[in-house]
Amino acid sequence: MAGFPSLGRTRVMGVVNVTPDSFSDGGQHDDPAGAVRHGLRLLDEGADMLDVGGESTRPGAGRVSLDEELARVLPVVDALVAAGAVVSIDTVRAAVAAAVIERGVVLVNDVSGGTADPAMHEVVAAAGVAYVAMHGRGPSADMQARAQYDDVVADVCTELAARRDAALAAGIPRDRLLLDPGLGFAKEAEHNWSLLGALPELALTLGRPLLVGASRKAFLGRLLASSTGDARPPAGRDEATAAVTALAARAGAWAVRVHDVRASADAVRVAAAWDRAATRG
Ligand code: PMM
């Protein structure tokens with residue numbers, strides 16, 4: 001990826017949600033000062049970059065206004081850029097992307113892959129920053145109703161290829177474009193597992209590096225359900241998240257997007273050491 005010196009391992013992107021309602025850490029960092037403190041702690045714990053978001057994308061979430069989103073993210077972006085962090089913005093709005101790129105953000109993480117705002121690709125292309133196009137099927141509010149696939153890997157591949165091609169056609173350079181299968185976005189648990197199992201195939205077929213966001217998601221809660229069938233709550237999903245990180249790293253993911261950075265920072269180092277040993281034979 002242009003603009004990101006090789007680390008010889010998968011990168012760890014720490015999540016800094018400035019939202020009162022994110023599914024996994026909602027309400028913990030909804031004031032800017034708290035979000036900045038949290039971001040600084042994630043850097044200490046080994047985050048390679050921080051993903052700042054001001055609008056929740058959890059299933060069923062409603063939209064916030066542009067002004068509210070800007071008010072949430074701008075002070076946090078400013079403080080984290082000033083602290084020397086590599087900062088990405090989790091937004092589907094071109095106006096938010098434009099505002100934070102001016103303030104030093106180097107990657108735009110768009111869970112809509114450019115479908116929510118027709119100006120997004122142009123703004124990113126003009127600025128020359130990196131861009132993540134994630135797979136989803138429309139707004140969070142009712143996306144789970146669209147979790148219907150003939151063959152989830154083939155279908156996501158085809159739909160992500162269309163987002164890739166739209167981004168390229170708008171002038172986003174190929175070497176600044178990342179793709180993301182969008183775990184949990186219009187997907188049931190079995191869809192997420194199928195996509196994780198097919199990561200190398202997805203990267204190869206799509207010809208771009210992948211970002212993987214499994215952190216604390218519901219499919220992990222279901223995997224770890226109690227004997228009475230209750231899903232494990234988000235706070236108890238960090239060890240499983242780190243296990244996914246290790247396996248995603250072995251499968252060649254460019255980055256993982258996680259809430260608990262320390263365990264995943266360790267996991268990517270373990271995976272890299274394992275790879276080096278395997279290569280030496
Ligand atoms: N997941 C969430 C938000 N943003 N961005 C990318 N690229 N990939 C993801 O899987 C992703 C994302 C939802 O998680 P959160 O509410 O805990 O931030």
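Within the range 7-33, the residues that satisfy the criterion of being at pLDDT 95 or above and of a type in the set (Gly, Ala, Ser) are Gly8, Gly14.
Could you run through the range 164-183 and say how many residues are in contact with a helix residue (DSSP H, G or I) (Cβ under 7 Å, 6 or more places away or on another chain) and within 16 Å of the ligand (Cβ to nearest atom)?
Start the filter on the range 164-183 by keeping residues that are in contact with a helix residue (DSSP H, G or I) (Cβ under 7 Å, 6 or more places away or on another chain), which leaves 164, 166-168, 170-172, 174, 177, 179, 181, 183.
Checking the rest, the ones that are also within 16 Å of the ligand (Cβ to nearest atom) come to 164, 167, 172, 177, 179, 181, 183.
Matching residues across the range 164-183 total 7.
Please go through (1) open to solvent by less than 20 Å² (accessible area, probe 1.4 Å); (2) at pLDDT 95 or above; (3) not in a loop (DSSP other than H, G, I, E, B) for Ala186 and return the number of the only condition it doesn't satisfy. With (1) open to solvent by less than 20 Å² (accessible area, probe 1.4 Å); (2) at pLDDT 95 or above; (3) not in a loop (DSSP other than H, G, I, E, B) applied to Ala186, the lone miss is (3). When Arg222 is tested against the conditions (1) basic (Lys, Arg); (2) without any contact (Cβ under 8 Å) to a residue 24 or more places away in the chain; (3) assigned to a helix (DSSP H, G or I), the lone failure is (2).
Checking the conditions here, which among Ala147, Ala71, Ala116 is open to solvent by 20 Å² or more (accessible area, probe 1.4 Å), in contact with a Lys or Arg (Cβ under 8 Å, 6 or more places away or on another chain) and free of Cβ contacts under 8 Å to residues at least 60 places away in the same chain? Let's see the steps before the verdict.
Working: Ala147 fails: open to solvent by 20 Å² or more (accessible area, probe 1.4 Å); Ala71 fails: in contact with a Lys or Arg (Cβ under 8 Å, 6 or more places away or on another chain).
Just one listed residue meets the conditions, Ala116.
Among the residues of the range 153-163, just one is acidic (Asp, Glu) and away from the ligand (no atom under 16 Å from the Cβ), namely Asp155.
Looking across the range 199-234, the residues that are surrounded by 23 or more Cβ atoms within 10 Å (Cβ to Cβ) and either on the phi > 0 side of the Ramachandran plot or among the small types (Gly, Ala, Ser) (or both) come down to Gly213, Ala214, Ser215, Arg216. The number of residues in the range 30-60 that are within 16 Å of the ligand (Cβ to nearest atom), assigned to a loop (DSSP other than H, G, I, E, B) and either among the acidic types (Asp, Glu) or more than 19 Å from Val212 (Cα to Cα) (or both) comes to 5. The condition of being modelled with pLDDT under 95 and either within 21 Å of Leu179 (Cβ to Cβ) or within 16 Å of the ligand (Cβ to nearest atom) (or both) holds for only one of Arg93, Arg63, that being Arg63.
Looking only at the range 263-281, which residues are open to solvent by 20 Å² or more (accessible area, probe 1.4 Å) and under 18 Å from Val212 (Cβ atoms)?
First, the residues of the range 263-281 that are open to solvent by 20 Å² or more (accessible area, probe 1.4 Å): 263, 266, 269-270, 273-281.
Ala263, Asp266, Arg269, Val270, Trp274, Asp275, listed by residue number.
Identify the single condition in (1) open to solvent by 60 Å² or more (accessible area, probe 1.4 Å); (2) within 16 Å of the ligand (Cβ to nearest atom); (3) in a helix (DSSP H, G or I) that Leu195 does not satisfy, given that it satisfies every other one. Failing condition for Leu195: (1). All conditions in (1) touching a residue at least 60 places away in the same chain (Cβ under 8 Å); (2) buried (at least 24 other Cβ atoms within 10 Å of the Cβ) hold for Val105, with the sole exception of (1).
The values are calculated or read from the model by the stated rules, or taken from the named source; none is laboratory data. Small disclaimer: the values here were computed from a predicted structure and weren't measured. Heads up, the Cβs are rebuilt from the backbone with ideal geometry, glycines too, and the neighbour counts pull from every protein chain shown. Heavy atoms of the whole protein, side chains included, go into the accessibility calculation; ligands, DNA and RNA do not. Shrake-Rupley method; radii C 1.70, N 1.55, O 1.52, S 1.80 Å.
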